[in-house]
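J.: Questions regarding the structure given below will be posed in turn.
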Amino acid sequence: MELPTSIIAGSLGRGSILLSDFEGIDHRKFFVVMGISNYKVCGFFFINSNIHPLVLKKQELLDLQYPLKHSDYPFLKYDSFLCASTVIERSLDEISEDINRGGTSIIGQLKDKHIADVLQMVRASVAISKRHKRLYFQ
């Protein structure tokens, strides 16, 4: 049974963890919704099992890697990192429609402590734009 996109969109919020396909990536990726703007667009971060080598070379990007333990999130195969160095935006309608089609799944919820830590980390970062901070991380 297909749910109205408004119901699905209403169930997504800060800390929602989803699994989806992304263009240009050869495997499904976990991502975390970290903000929903008045424009109904999600700002989210990928979960990666390793930190990309280019990120390791730039301290301001390395500072935006938040460790996630497999013991806290059993759906992760390994201890991983929430990569908060790039804000990706997608419309809530697009995500909701993809959930209805089965292309995206809601997997879980980021722990409150981790949400607070990531928000503090992002708000203090010089690598995240003031616009994104205002829209998603207030």
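J.: Of everything in region 82-96, what is outside any strand (DSSP E or B) and either of a type outside the set (Gly, Ala, Ser) or within 15 Å of Arg14 (Cβ to Cβ) (or both)? Give them in sequence order.
T.: Those that are outside any strand (DSSP E or B) and either of a type outside the set (Gly, Ala, Ser) or within 15 Å of Arg14 (Cβ to Cβ) (or both): Leu92, Asp93, Glu94, Ile95.
J.: Quick one: Ile88 ticks every box in (1) farther than 20 Å from Gln65 by Cβ; (2) modelled with pLDDT under 95 bar one, so which box is it?
T.: Going through the list (1) farther than 20 Å from Gln65 by Cβ; (2) modelled with pLDDT under 95, Ile88 breaks only (1).
J.: Restricting attention to region 92-127, which residues are in contact (Cβ under 8 Å) with a residue 24 or more places away in the chain and more than 22 Å from Ser20 (Cβ to Cβ)?
T.: Correct list: Asp112, Asp117, Leu119, Met121, Ser125, Val126, Ala127.
J.: Can you report the number of residues in region 97-123 which are in a helix (DSSP H, G or I) and at pLDDT below 95?
T.: Residues in region 97-123 being in a helix (DSSP H, G or I) and at pLDDT below 95: 5 in total.
J.: Restricting to region 21-34, count the residues that are farther than 17 Å from Lys77 by Cβ and surrounded by 13 or more Cβ atoms within 10 Å (Cβ to Cβ).
T.: 3
J.: Hey, among the residues in region 35-61 that are free of Cβ contacts under 8 Å to residues at least 40 places away in the same chain and surrounded by 15 or more Cβ atoms within 10 Å (Cβ to Cβ), which one's farthest from Phe75 (Cα to Cα)?
T.: Per the stated criteria, the residue is Val55.
The values are calculated or read from the model by the stated rules, or taken from the named source; none is laboratory data. Remember, predicted model here, so these are calculated numbers, not experimental data. Heads up, the Cβs are rebuilt from the backbone with ideal geometry, glycines too, and the neighbour counts pull from every protein chain shown.
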